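Student: Let me begin by handing over the structure; questions about it come next.
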Amino acid sequence: MPGKETFYITTPIYYPSDNLHIGHAYCSTAADTMARFKKQQGFDTYFLTGTDEHGQKIERKAMEKGVTPQAYVDEIVRGIKELWKLMDVDYDDFIRTSDERHVKAVQKIFRKLYEQGDIYKGTYEGWYCTPCESFFTELQLKDGCCPDCGRPVEKTNEEAYFFRLSKYQDWLIDYIQTHPDFIQPKSRQNEMLNNFLRPGLQDLCVSRTSIKWGVPVDFDSAHTVYVWLDALTNYITALGYTSDDPSLYEKYWPADIHLVGKEIVRFHTIIWPIILHALGLELPKQVFGHGWLVLSGVKMSKSLGNVVDPVVLCNRYGSDAIRYFLMREMPFGSDGQFSYEALLTRMNADLANDLGNLVSRTVAMVQKSFDGVVPAPLEYTDGDRALIALANQTPDLVSLHMDGLQFSTALQDIWKLVGECNRYIDQNTPWVLARSEEGRERLRTVLYILCECIRMVAVLIQPTMPRTPARIFEQLGVTDENLTQWPSLHFGAMPAGGKTQKGETLFPRIDIKKELADIVPDAPKAPPKPAEAKPAALKAEKPAEECISIDEFDRVKLRVARVLTAERVEGSDKLLKLTLRLGPNDPERTVASGIAKFYAPQDLVGRQVVLVANLKPAKLRGIRSEGMILCASDADDQRLTLVTVAGDMEDGAYIR
Ligand code: ME8
């Protein structure tokens with residue numbers, strides 16, 4: 001008998017930092033949700049996460065604390081595992097790069113690549129910051145100084161091993177072009193091809209003599225393996241590749257999905273595939289680069305001090321609510337804004353009002369009218385059949401969107417059913433039906449339909465919200481395990497007669513104002529909403545000469561443009577040079593834009609921006625800039641964000 005189809009999904013391995021923030025939890029929650037979904041669908045799933053423990057930063061931090069690097073990371077990893085437990089991130093394996101199984105495998109991989117000539121010894125030339133013990137390339141320097149501490153750097157060189165990335169460049173371009181699903185979303189694929197691969201790859205320095213906390217090169221003990229080469233291989237070393245028992249590797253490799261944040265797509269789609277190919281191994285089927293959770297427009301990050309602690313959130317609101325928010329709030333692949341207001345608003349609207357009320361109202365009515373026993377339906381009306389049809393379609397829609405990693409859309413599909421159930425209650429007014437004998441007959445059908453739809457909703461939310469479904473099943477009196485599984489997702493699978501139980505409110509309503517003021521007074525708030533437009537009569541104070549007429553405004557041609565390429569401008573830490581596409585008949589434009597401090601070039605490629613298209617061309621640092629892209633910035637230019645259009649518009653569209 002053939003075994004089950006396998007599904008192997010991974011998160012990046014996290015740097016051990018004192019506290020992982022809600023941005024880290026985002027990636028793990030997504031991977032866990034996907035793994036649970038596939039398991040629910042009958043796949044033999046394997047979900048890997050772990051920690052990336054080597055390198056200079058850890059070495060230094062451990063030294064500051066007066067402990068060994070191993071003791072330092074052990075303590076942090078304990079905390080990370082606790083966090084995943086709290087968030088119901090139910091991994092199959094947790095790999096640590098300091099695990100002996102990993103270290104041994106990395107050594108074997110390094111040796112194999114060396115012996116076959118893909119790794120060779122050379123000299124690393126670059127700039128060295130002594131206080132930071134860090135090497136930088138010319139491009140990484142900030143105004144000629146160390147980008148980390150700002151102190152002067154020295155030109156230096158050290159003996160190092162190099163990996164022949166350049167040899168595989170053409171193969172990789174071809175592979176990416178012939179495997180369009182390999183890098184997702186598509187914009188990331190263009191970015192990799194245009195920004196990194198087509199301009200040419202340089203061989204990569206893959207060893208250091210100055211860093212001791214790393215995997216030693218076993219045939220040259222002065223060297224430790226470069227952290228990214230060490231880290232990337234975790235996806236196969238965890239499965240036992242090169243070990244005495246490679247059975248997991250044979251079963252699960254190639255991975256179905258590597259989920260990674262957008263800033264590390266480059267490592268996963270350039271260095272990693274080349275390592276695998278050089279080893280003669282298959283490539284993962286897909287690398288998906290998700291967006292960032294941002295706070296006030298800036299990526300949440302420990303070093304910026306703008307982090308939100310998932311432990312605090314889960315303890316306060318429950319992990320299911322947090323998981324739901326993370327998966328529902330932003331389309332996977334795009335950046336999303338975190339704010340307490342948004343979280344609490346969604347908890348009240350979607351969880352307390354829509355889902356919670358639906359369950360409590362329905363169970364209360366079954367209790368009141370039928371002694372708590374789910375009644376058998378009698379005859380279905382057209383209205384009933386419409387709701388039943390929606391309930392039967394929803395699992396297919398959810399599957400479709402989950403398979404495309406569109407978590408938010410899949411949840412919207414489920415909440416459409418929840419919403420229709422609530423509307424069905426309002427239309428059928430069960431409290432009126434309960435008053436007459438005839439009405440009570442009809443009420444049987446109405447309440448059965450509601451109970452059965454709620455059961456189906458509970459099955460569908462399991463991957464995102466692992467705890468809530470059990471509470472719903474208990475309230476509905478569902479005791480048969482089969483009725484909690486995916487194959488039971490067809491209307492009518494649940495027999496009547498279940499004994500309902502009034503339970504605790506699933507999601508209590510929160511007084512948002514009070515919560516924000518009392519409980520999280522220091523909480524980072526969403527950027528203030530623009531002041532509401534004042535009535536015309538009150539606006540007249542504005543001096544007339546500041547106003548422009550509509551004809552004057554019409555002279556400014558604003559158009560949607562797509563960024564094709566983006567690169568830094570040599571000698572300037574402010575400017576990026578962009579090429580933009582407008583309509584099919586417009587020539588490409590070059591624009592120099594002062595946004596380099598806020599955007600990395602790779603984050604712009606593929607995005608739509610708003611261009612002042614009829615601005616007189618100007619020369620900036622030798623670049624003829626043909627227009628200006630619009631940005632919003634705060635008064636002291638500390639924050640800046642691109643202006644774009646809310647939905648995908650055709651390139652070149654006019655903004656009026
Ligand atoms: O990059 N929003 O580790 P890491 C969304 N060790 N995701 C975020 C985020 C945010 N605000 N902040 C971080 C590393 N992440 C390497 C990986 S893999 C072989 C080595 C995500 O701890 C980030 O995008 O810095 C990345 O995918 C993950 O957390 C781990 O980040």
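Student: Look through region 190-207, keep the residues that are within 19 Å of F162 (Cα to Cα) and touching a residue at least 40 places away in the same chain (Cβ under 8 Å), and return whichever of them is surrounded by the most Cβ atoms within 10 Å (Cβ to Cβ). It would help to see each step written out before you state the result.
Tutor: Step one: list which residues in region 190-207 are within 19 Å of F162 (Cα to Cα), which gives 196-197, 200-207.
Pick out the ones that are also touching a residue at least 40 places away in the same chain (Cβ under 8 Å) and you get 196-197, 201, 203-207.
Details: F196: 16, L197: 17, L201: 20, D203: 16, L204: 19, C205: 20, V206: 25, S207: 27.
Across region 190-207, the extreme among qualifying residues is S207.
Student: While we're on this one: Conditions: (1) closer than 17 Å to T97 by Cα; (2) touching a strand residue (DSSP E or B) at 6+ places or on another chain (Cβ under 9 Å); (3) more than 16 Å from the ligand (Cβ to nearest atom). W272 meets all but one. Number of the miss?
Tutor: (3)
Student: Can you give me the number of residues within region 280-320 that are of a type in the set (D, E) and modelled with pLDDT under 95? Walk me through how you get there before you give the answer.
Tutor: To start, the set of residues in region 280-320 that are of a type in the set (D, E) comprises 282, 309, 320.
Next, from what is left, pick out any that are modelled with pLDDT under 95: 309.
So the count comes out to 1.
Student: So how many residues does region 21-44 have that are touching a helix residue (DSSP H, G or I) at 6+ places or on another chain (Cβ under 6 Å) and either open to solvent by 10 Å² or more (accessible area, probe 1.4 Å) or within 8 Å of the ligand (Cβ to nearest atom) (or both)?
Tutor: 4
Student: Looking only at helices (runs of 4 or more DSSP H) that lie completely in region 291-371, which have at least 1 residues being touching a strand residue (DSSP E or B) at 6+ places or on another chain (Cβ under 8 Å), within 16 Å of the ligand (Cβ to nearest atom) and farther than 19 Å from F473 by Cβ?
Tutor: Counting at least 1 such residues, we get 319-329.
Student: Give me the pairs, please: first residue somewhere in region 240-266 and open to solvent by 50 Å² or more (accessible area, probe 1.4 Å) and more than 16 Å from the ligand (Cβ to nearest atom), second residue anywhere and at pLDDT 95 or above and assigned to a loop (DSSP other than H, G, I, E, B), beta-carbon distance under 7 Å, and either six or more positions apart or on two chains.
Tutor: Listed by first residue and then by second, the contacts come to S247/G240; L248/L239; L248/G240.
Student: OK, next. If you scan region 372-386, which residues turn out to be open to solvent by 10 Å² or more (accessible area, probe 1.4 Å) and either assigned to a helix (DSSP H, G or I) or not polar (S, T, N, Q) (or both)?
Tutor: Filtering region 372-386 for residues open to solvent by 10 Å² or more (accessible area, probe 1.4 Å) gives 373, 376-383, 385-386.
Passing the criteria: V373, A376, P377, L378, E379, Y380, D382, G383, R385, A386.
Student: While we're here: Tell me, please, whether a residue that is in contact with a His (Cβ under 7 Å, 6 or more places away or on another chain) and assigned to a loop (DSSP other than H, G, I, E, B) can be found in region 215-237.
Tutor: Yes, region 215-237 has at least one match.
Each row is one residue, and each column tells you yes or no for (1) among the β-branched types (V, I, T); (2) touching a residue at least 40 places away in the same chain (Cβ under 8 Å); (3) within 11 Å of the ligand (Cβ to nearest atom).
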| position | (1), (2), (3) |
| --- | --- |
| E5 | no, no, no |
| P16 | no, yes, yes |
| Y46 | no, yes, no |
| G66 | no, no, no |
| G79 | no, yes, no |
| D90 | no, yes, no |
| E115 | no, no, no |
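Student: Just for helices (runs of 4 or more DSSP H) wholly inside region 93-196: which have at least 1 residues that are small (G, A, S), modelled with pLDDT of 95 or more and under 30 Å from T51 (Cβ atoms)? Quick ask: steps written out before the conclusion?
Tutor: Numbers: elements: 100-115, 169-178, 186-191.
Hits in region 93-196: 100-115.
Student: For the condition loosely packed, with under 14 Cβ neighbours inside 10 Å and under 22 Å from the mean Cα position of the chain (by Cα), what is the one hit in D181, D143?
Tutor: Values: D143 fails: under 22 Å from the mean Cα position of the chain (by Cα).
The match here is D181.
Student: It is to be established whether one or more residues within region 431-450 are touching a helix residue (DSSP H, G or I) at 6+ places or on another chain (Cβ under 7 Å), closer than 30 Å to F325 by Cβ and either not β-branched (V, I, T) or not in a helix (DSSP H, G or I) (or both).
Tutor: From region 431-450, those touching a helix residue (DSSP H, G or I) at 6+ places or on another chain (Cβ under 7 Å) are 432-434, 439-440, 442-443, 445-447, 449-450; that's our starting set.
Within this subset, residues satisfying the condition of being closer than 30 Å to F325 by Cβ are 449-450.
Of the ones still in play, those that are also either not β-branched (V, I, T) or not in a helix (DSSP H, G or I) (or both) are 450.
Scanning region 431-450 turns up at least one residue that is touching a helix residue (DSSP H, G or I) at 6+ places or on another chain (Cβ under 7 Å), closer than 30 Å to F325 by Cβ and either not β-branched (V, I, T) or not in a helix (DSSP H, G or I) (or both).
The values are calculated or read from the model by the stated rules, or taken from the named source; none is laboratory data. For clarity, every value in this text was computed on a predicted model and none was experimentally measured. Using ideal geometry, Cβ is built from the backbone for each residue, glycine included, and neighbour counts are taken over all protein chains shown. Remember, those area values only see protein heavy atoms, side chains included, never the ligands or the DNA or RNA. Shrake-Rupley method; radii C 1.70, N 1.55, O 1.52, S 1.80 Å.
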